[in-house]
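A.B. asks: I'd like to ask you about the structure that follows.
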Amino acid sequence: MVTKYNKIEKGSLNAKVKIVTINYIGPQNSALAYEMLESLKSEKNILGILTIKEICLKIS
C-alpha cells in the first residue's frame, strides 16, 4: 500500500507499507539463516517506510 500527499510549495509526505511472507525451511541456527533472517521473522512481516520532504528554499 502506498500513500502520497503533496502540498504545492510546502513539500510532500509518502508512506509505504509492505507485508512480506518468508517461508524459510532449513536450520534456524546456521550462518545463512542468520544473514537472511537477521531482522525478519520466518513468517509474516510488516515493513513500513515514511518519507517527509520539506521545501526550505524558494528561488524566484
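The values are calculated or read from the model by the stated rules, or taken from the named source; none is laboratory data. Computed from a prediction, not measured in an experiment: that's the story for all the values here. Backbone-built Cβ (ideal geometry, glycine too); neighbour counts: all protein chains shown.
A.B. asks: Of everything in segment 33-55, what is assigned to a loop (DSSP other than H, G, I, E, B) and exposed (fewer than 11 other Cβ atoms within 10 Å of the Cβ)? Give them in sequence order.
C.D. replies: Listed by number, the residues that qualify are 38, 39, 41, 43.
A.B. asks: Same structure, new question: Which of the residues belonging to segment 8-22 are modelled with pLDDT of 90 or more and closer than 18 Å to residue 56 by Cα?
C.D. replies: 11, 12, 13, 14
A.B. asks: Between a residue in segment 1-18 that is part of a loop (DSSP other than H, G, I, E, B) and any residue that is surrounded by 10 or more Cβ atoms within 10 Å (Cβ to Cβ), which pairs come within a Cβ distance under 9 Å, given they are 6 or more apart or on different chains?
C.D. replies: Correct list of pairs: 1/15; 1/16; 1/17; 1/18; 9/55; 10/55.
A.B. asks: Out of the residues in segment 6-32 that are of a type in the set (Val, Ile, Thr) and surrounded by 11 or more Cβ atoms within 10 Å (Cβ to Cβ), which is farthest from the chain's Cα centre (by Cα)? Lay out the reasoning, then the answer.
C.D. replies: In the first step, residues of segment 6-32 are kept if they are of a type in the set (Val, Ile, Thr); the result is 8, 17, 19-22, 25.
Then drop every residue that is not surrounded by 11 or more Cβ atoms within 10 Å (Cβ to Cβ), which leaves 17, 20, 22.
Values: 17: 6, 20: 11, 22: 16 Å.
Among residues in segment 6-32 that are of a type in the set (Val, Ile, Thr) and surrounded by 11 or more Cβ atoms within 10 Å (Cβ to Cβ), the one farthest from the chain's Cα centre (by Cα) is 22.
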